[in-house]
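> The structure is given below, and queries will be raised subsequently.
The values are calculated or read from the model by the stated rules, or taken from the named source; none is laboratory data. This structure is a prediction, so every number in the text was calculated from the model and none was measured. Here the Cβ positions follow ideal geometry from the backbone for every residue, glycine too, while neighbour counts run over all protein chains shown.
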Amino acid sequence: MSVPESHPRYHSLKMRELIIEGMEKGLVAKAGLIAHGRGEAFDYMMGEKSLPPAIRASRAAAAMLASAQKPVISVNGNTAVLAVRELVELSGLLGAPLEINLFYRTEERIARLTEFLEEHSASNILGAEPDNKIPGLDHDRALCCADGIYSADVILVPLEDGDRAKALADMGKMTIVIDLNPLSRSSKTATIAIVDELTRAIPMLAANVRELKGLSSQSPADLDKIVGEFDNQKNLSDIIQEMSGYLSSI
Ligand code: PTJ
């Protein structure tokens, strides 16, 4: 059944359709359906909109990406099917590779995701031939590319599954997580957690990067200042406050 645009929950139902189709095409893991449902529940609790703390986190994340020496965007099944165009655009803006890095890794999924990214004009794709490992992880998400995640200074990790953000932090890397769950280990471990829905968060991040990179008056020190003023723990408590405020107003 195709969802009519007039349906009040069009966007939400459309995203479900993308995730289901993605699973049927072998792009999304079965567990990706469950992960998506958990995300939807949190999004409901924030009124399905980007809250002010997420907008602040996006600005700090953009400053961190704009000043990175070697940024990398990590891509999994859910992120690819929900926001492929936006991810390719962000990759181009930053000159950052899209590295396919999967929790439920199979060579078939890697091949299909590579093909899917190529079909959407991505030119800088890594992940098919990992030649290094993130230390401290006992699952396939440890597999990474020496030229990508392994040597990156800043890594954008949307829809993380938890322990990798910690392993990357232990490697001395700065991580930007996009996750609707402010209580998740990834949100707490990230250098910057953007607690927002992926399809809202990626375009907002790209717009912020575009703006910060376009400001000729912006010096590296200005970007460092924006990043330095951001406090992830405080931002997470702010978002929880916002969510409880929203819930008690209903
Ligand atoms: O493609 P793979 O094999 O790498 O697997 C990807 C999933 C997402 C299945 C895997 O990483 C996983 O199991 O993740 P988790 O542990 O379920 O965590 C996913 C997090 O993303 C949860 O905290 C969800 O709330 C959040 N989430 C789900 N959908 C969205 C989201 N956050 C932002 N935007 C969404 N659309």
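> Would you check which residues across region 18-37 are surrounded by 13 or more Cβ atoms within 10 Å (Cβ to Cβ) and in a helix (DSSP H, G or I) and list them?
Passing the criteria: Leu18, Ile19, Ile20, Gly22, Met23, Ala31, Gly32, Leu33, Ala35, His36.
> More than 16 Å from the chain's Cα centre (by Cα), within 18 Å of Val195 (Cα to Cα) and buried (at least 16 other Cβ atoms within 10 Å of the Cβ): does that describe Met64?
no
> Still on this structure, I have one more. Could you pull out the residue among Phe116, Phe103 that is part of a helix (DSSP H, G or I), within 15 Å of the ligand (Cβ to nearest atom) and aromatic (Phe, Trp, Tyr)?
Answer to the check: Phe116.
> Same structure, new question: Only residues that are in contact with a helix residue (DSSP H, G or I) (Cβ under 7 Å, 6 or more places away or on another chain), of a type in the set (A, V, I, L, M) and outside any strand (DSSP E or B): list them for region 119-143, please.
The answer is Ala122, Ala128, Ile134, Leu137.
> Tally the residues that are outside any loop (DSSP other than H, G, I, E, B) and more than 23 Å from Ser12 (Cα to Cα), restricting the search to region 66-89.
Keep residues of region 66-89 that are outside any loop (DSSP other than H, G, I, E, B), which gives 66, 71-75, 77-89.
Okay, now just the ones that are also more than 23 Å from Ser12 (Cα to Cα), so 66, 71-74.
Selection size over region 66-89: 5.
> Oh, and also: Within region 1-26, how many residues turn out to be closer than 15 Å to Leu198 by Cβ and of a type in the set (A, V, I, L, M)?
3
> Follow-up question, since we're still on this one. Kindly indicate the residue of region 214-233 that is of a type in the set (Gly, Ala, Ser) and surrounded by 11 or more Cβ atoms within 10 Å (Cβ to Cβ) and also modelled with the lowest pLDDT among those meeting that condition. Steps first, please.
Residues of region 214-233 of a type in the set (Gly, Ala, Ser): 214, 216-217, 219, 221, 228.
Narrowing the set further to residues that are surrounded by 11 or more Cβ atoms within 10 Å (Cβ to Cβ) leaves 219, 228.
Numbers: Ser219: 86, Gly228: 97.
Only one residue fits best here, namely Ser219.
> Confirm whether Glu40 is more than 11 Å from the ligand (Cβ to nearest atom) and among the acidic types (Asp, Glu). Lay out the reasoning, then the answer.
On the way: more than 11 Å from the ligand (Cβ to nearest atom): no; among the acidic types (Asp, Glu): yes.
It is false that Glu40 is more than 11 Å from the ligand (Cβ to nearest atom) and among the acidic types (Asp, Glu).
> Moving on. Pairs needed: first member in region 213-241, in contact (Cβ under 8 Å) with a residue 12 or more places away in the chain; second member anywhere, of a type in the set (A, V, I, L, M) and surrounded by fewer than 16 Cβ atoms within 10 Å (Cβ to Cβ); C-beta distance under 6 Å; at least 6 residues apart or different chains.
That search, which allows pairs on different chains as well, returns nothing.
Residue-wise test of (1) touching a residue at least 12 places away in the same chain (Cβ under 8 Å); (2) of a type outside the set (Asp, Glu); (3) in contact with a strand residue (DSSP E or B) (Cβ under 7 Å, 6 or more places away or on another chain).
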| site | (1), (2), (3) |
| --- | --- |
| Val3 | yes, yes, no |
| Ser6 | no, yes, no |
| Tyr10 | no, yes, no |
| Leu13 | no, yes, no |
| Glu17 | yes, no, no |
| Gly26 | yes, yes, no |
| Ala31 | yes, yes, no |
| Ile34 | no, yes, no |
| Ala41 | no, yes, no |
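> Considering region 38-55 alone, what residues qualify as being surrounded by fewer than 20 Cβ atoms within 10 Å (Cβ to Cβ), under 16 Å from the mean Cα position of the chain (by Cα) and more than 17 Å from Leu13 (Cα to Cα)?
Within region 38-55, Ser50, Ile55 meet the criteria.
> Something else about it: Failed condition for Val88, given (1) within 15 Å of the ligand (Cβ to nearest atom); (2) closer than 15 Å to Ile125 by Cβ; (3) surrounded by fewer than 24 Cβ atoms within 10 Å (Cβ to Cβ), with all others met?
That leaves (1) as the condition not met.
> While we're on this one: Which condition number in (1) part of a loop (DSSP other than H, G, I, E, B); (2) within 13 Å of the ligand (Cβ to nearest atom); (3) among the hydrophobic types (A, V, I, L, M, F, W, C); (4) touching an Asp or Glu at 6+ places or on another chain (Cβ under 6 Å) is the one that Ala54 fails?
(1)
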